[in-house]
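As structure tokens, the structure follows; a few thoughts come after it.
Coordinate-derived values only; no laboratory data. Not measured: the values here are computed from a predicted model. When we count neighbours, we look across all protein chains shown, and the Cβ atoms used for this are built from the backbone with ideal geometry, even at glycine.
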Amino acid sequence: MTPTQLVIVTGMSGAGKSTAIRCLEEMSYFTIDNMPPSLLPTFVQLCATQERPVSHVAAVIDVRGGEFFDDIVSALDELDQAGSPYRIVFLDASTEVLLSRFKEHRVRHPLQSDGRSLLDAIEAERELLGELKGRASVVLDTSAETVRALRGELTKLFPVRDGGNEMMVHIVSFGYKHGMPADVDYVFDVRYLRNPHHDPELRPFTGDDPRVRAYVEEDPRTAEIRARLCDFVDFVLPQHYEEGRRYVSIGIGCTGGKHRSRVVAAYLAEHLEAQGYRVVRQHRDRYREGQGWG
């Protein structure tokens, strides 16, 4: 009997959980919103023992559950003891972005029922979700994401297909001036490479443009960092796989996240894809130039 594959969607209110669960439903997951955590083990067993087993299930569990939410840790422990596979995707966003989204949509935060301010409610939620975030398989920062980008990442992260235990590598390019990315396993700084920002003709373009890529490649250190990075991941990823990990995230940073980090991230993604890894690319700061919300 093939076990039911469970995706638990959780995270900060306003970070995109509703969008995520709708996306998973469109991908043929059986979805449930705001499920009491204590029911998870029984529900997973029920799905697996049907005449036509439900192979892929996604459930949103968050602070809207009130006192029921306190059962999440024991429910996860029970799933672990039963050998039921699950992955937790934690959606996060900066406090400033969450404040803006709540004000824009004029809705109340679920923890404001006791008279807290919106800011206090957000900070209280972060504290409540700390342990769950620590157990997450995937953390996605949606501060600068569009709905379309989030859908694309979830489609790659949680495809409905057999043999889903292969290694997933999440490569995040970012700009240091916008802060470090949330919860990456490895971070590499490429700010020492030749910077296309200093060329007025190249400045408007991104690292995906062949002209920008050629400009960065003129720096002899680019070829060296490419080779060293590829050697590094060729060594560490199999070690993680043998340890039982199926997801590793790598951050590549330059000053603004527009040019050099995207070039190097592309090198790394191309190398890993050629070896059969499933790769998700995220250019975290691509909407900082006024092209999207955040």
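Per residue, the average separation of C-alpha pairs within less than 8 Å and at least 6 apart gives the stretch 5-164 a relative contact order of 33 percent. Under a model in which nothing but the beta-carbon of Lys, Arg (+1) and Asp, Glu (-1) is charged, the stretch 169-283 shows a dipole of about 340 debye around its Cα centre.
Normalised by the number of residues in the chain, the mean separation of alpha-carbon contacts (under 8 Å, six or more apart) gives a relative contact order of 21 percent. Along the axis of the charge dipole computed for the chain (Cβ charges of +1 for Lys and Arg, -1 for Asp and Glu, origin at the Cα centre), the listed residues GLY66, MET167, GLN5 are led at the positive end by MET167.
Annotation: amide H-H contacts under 5 Å for ARG284 (H modelled 1.01 Å from N, sequence separation of 5 or more, or interchain): SER173.
With semi-axes defined as the square roots of five times the eigenvalues of the C-alpha gyration tensor, the equivalent ellipsoid of the stretch 5-164 measures 27, 19, 13 Å, largest first. Length gained on full extension, GLU217 to ASP189, computed as 0.36 nm times the residue gap minus the Cα-Cα distance: 8.4 nm. Pairs of alpha-carbon atoms within less than 8 angstrom and 6+ residues apart define the contacts here; what relative contact order does the stretch 169-283 have, in percent? So the answer I get is 51 percent. Each of LEU237, LEU154, HIS283 was placed along the dipole of the chain (beta-carbon charges, centred on the mean Cα), and the one lying farthest toward the positive end is HIS283.
Which Cα, out of VAL184, SER55, GLY83, lies furthest along the positive dipole direction of the chain (beta carbon charges, K/R +1, D/E -1)? Projecting each Cα onto the dipole axis, the largest value belongs to VAL184. Counting only Cβ charges, +1 for Lys and Arg and -1 for Asp and Glu, the dipole size of the chain around its Cα centre is about 960 debye. In terms of surrounding Cβ atoms within a 10 Å radius of their Cβ, LEU154, LEU99, LEU6, LEU111 rank from fewest to most as LEU99, LEU111, LEU6, LEU154. In the set (1) 20.4, 64; (2) 28.6, 116; (3) 31.6, 104, the label that goes with Rg and Dmax of the Cα atoms in Å computed for this structure is (1). Within the shell defined by Cβ-Cβ distances under 10 Å, the residues around ALA124 carry a net charge of -3, with Lys and Arg each +1 and Asp and Glu each -1.
Placing +1 on the Cβ of every Lys and Arg and -1 on the Cβ of every Asp and Glu, with nothing else charged, gives the stretch 5-164 a dipole about its Cα centre of roughly 620 debye. Listed by Cβ neighbour count within 10 Å, with the fewest neighbours leading, VAL264, VAL187, VAL248 appear as VAL187, VAL248, VAL264. Calculation over all alpha carbon pairs of the stretch 120-250 in 10 angstrom steps from 0 returns a P(r) of 9, 29, 35, 20, 6, 0 percent. The ranking of LEU129, LEU140 from fewest to most other beta carbons within 10 Å of each one's beta carbon is LEU129, LEU140.
Using a Gaussian network model of the chain in which every pair of alpha carbons under 10 angstrom is joined by a spring, one finds that among SER38, SER94, SER113 the greatest mean-square fluctuation is at SER113. Hey, what do the phi angles of the stretch 16-32 turn into as Karplus ³J(HN,Hα) couplings, whole Hz, using 6.51/-1.76/1.60 and θ = phi - 60°, x for Gly and Pro? Per-residue couplings from phi come out as x, 5, 5, 4, 5, 5, 5, 5, 5, 5, 5, 8, 6, 6, 7, 10, 9 Hz.
With Cα atoms defining each centre, the stretch 81-103 and the stretch 152-228 are spaced 24 Å apart in the structure.
Neighbours of PHE235, meaning other residues whose beta-carbon lies under 13 angstrom from its beta-carbon, give a summed charge of -2 when Lys and Arg score +1 and Asp and Glu score -1. Length gained on full extension, SER117 to ARG246, computed as 0.36 nm times the residue gap minus the Cα-Cα distance: 42.5 nm.
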